[in-house]
Each structure stands twice: as structure tokens, then as C-alpha cells.
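Have a look at the structure below, then the notes.
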Amino acid sequence: MAKFRSGFGYDAHRFAEGRRMMLCGVEIPCDYGLAGHSDADAPLHALTDALLGALALGDIGKLFPDTDQAYLNADSVVLLQKAYSLEAFREWEISSIDITIVAQKPKIAPHTEAMRARIAGALNIDVDCVSIKGKTTEGMGFCGRGEGLQTFAQVLLERKG
């Protein structure tokens, strides 16, 4: 039996007027938010996919389909917690989480400590296990043009005991 499992997740959302900007469970002051069926918290969607991927459990859309009205405007922290509460995770603990948020704006660095704390609290892990970084694309691509943002997440699980 493997002692470690890793998972990788990715998500991207367009910017949308009239929505809150939720990133890693933290509301970021901004004139717009992200388009999506739930609260559109792209970093948490990528993290949920990374967790599910580590144990070959599919992706966030399999558990929480955007065709289900029960998840309309859903809090992505709650979706992350529901995914991590699956029976398959009982034998595993999170060793590390690494998230990169790619966006020209809003600026990510001023909010990383609050984001780390929010994720650590939601998953009941030490904040030192959570890394969050903001990057830009130097004006290139859809992120550089200010059309939206993309996120990448990596998670390492260690078998308990």
C-alpha cells in the first residue's frame, strides 16, 4: 500500500459584474467577482479536484454538478469540506497544499495569510501545511487581458498510522 498520494487540480473562471470575489474562502474587495454556478471560488474548486484526484475519486463536477440547483451559489468551503469528509479520506491526512492563483488583478499577496488560515481551519490542518501564491502573466492571455483568472492546486496526502 502506498504511504503517500498526490493530486493536482486546475480551475479557471471569467470575471463577472455583480458577484462577490471569493478566493480560498475569503471575500476579496473588488468591483467584480467570478462567474459560476456556485460562489465560483476557483482556487477551492482546484483544491477540491486535487484532493479527489489524489484518491482517484473523480472531480468536483461529479460530486457537485452545476446542473443541480442545490449547488446554486453554494459556498465552496462547504463543498471542499464535504468532499474531504468522504469515507475514502479516513485513512489519509493532508501533508501539504500548494495553490497558485494566476491573475493580473486583484492582487493576491495582501490576502494570502487570511486565505491560508481559512483553508487550514476548514480542513482542520495546521496553517503551515498550506501555501498560496499569486502570479501574473505579464499581460499575456485571458488572465493578462483581465478576462478572468486561473488556479492550480497540488495536494500531498499521507496514510495515517
Open item on the list: If I filter the stretch 73-106 down to residues being among the hydroxyl-bearing types (Ser, Thr, Tyr) and touching a strand residue (DSSP E or B) at 6+ places or on another chain (Cβ under 9 Å), which single residue comes out as least open to solvent (accessible area, probe 1.4 Å)?
Closed with: 76
TODO: Go through the stretch 63-98 and give me each residue that's in contact with a Cys (Cβ under 7 Å, 6 or more places away or on another chain) and touching a residue at least 60 places away in the same chain (Cβ under 8 Å).
DONE: 94, 95, 96
- [ ] Output yes when any residue across the stretch 19-32 is in contact with a Leu (Cβ under 9 Å, 6 or more places away or on another chain), touching a residue at least 24 places away in the same chain (Cβ under 8 Å), open to solvent by 10 Å² or more (accessible area, probe 1.4 Å) and of a type in the set (Gly, Ala, Ser), and no when none is.
- [x] yes
Task: Close pairs from the stretch 122-145: first open to solvent by 40 Å² or more (accessible area, probe 1.4 Å), partner of a type in the set (D, E, K, R) and not in a strand (DSSP E or B), Cβ under 6 Å, at least 6 apart - done: 127/116
Open item on the list: Among the residues of the stretch 107-121, what is the count of those that are basic (Lys, Arg) and open to solvent by less than 70 Å² (accessible area, probe 1.4 Å)?
Closed with: 1
TODO: Search the stretch 146-161 for residues being under 24 Å from residue 35 (Cβ atoms) and among the small types (Gly, Ala, Ser), and hand back the single one that is most open to solvent (accessible area, probe 1.4 Å).
DONE: 146
- [ ] Spot the failing condition for residue 37; the list is (1) within 25 Å of residue 5 (Cα to Cα); (2) modelled with pLDDT under 95; (3) not aliphatic (A, V, I, L, M), and only one is missed.
- [x] (1)
- [ ] Inspect all residues belonging to the stretch 107-128 and state whether any of them is over 22 Å from residue 55 (Cβ atoms), of a type in the set (Asp, Glu), modelled with pLDDT of 95 or more and not in a strand (DSSP E or B).
- [x] yes
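The values are calculated or read from the model by the stated rules, or taken from the named source; none is laboratory data. Computed from a predicted model, the values in this text were never measured in an experiment. Positions of Cβ are backbone-derived with ideal geometry, glycine not excepted, and every protein chain shown enters the neighbour counts. These area figures cover heavy atoms from the full protein model, side chains too; ligands, DNA and RNA do not enter into them. Shrake-Rupley method; radii C 1.70, N 1.55, O 1.52, S 1.80 Å.
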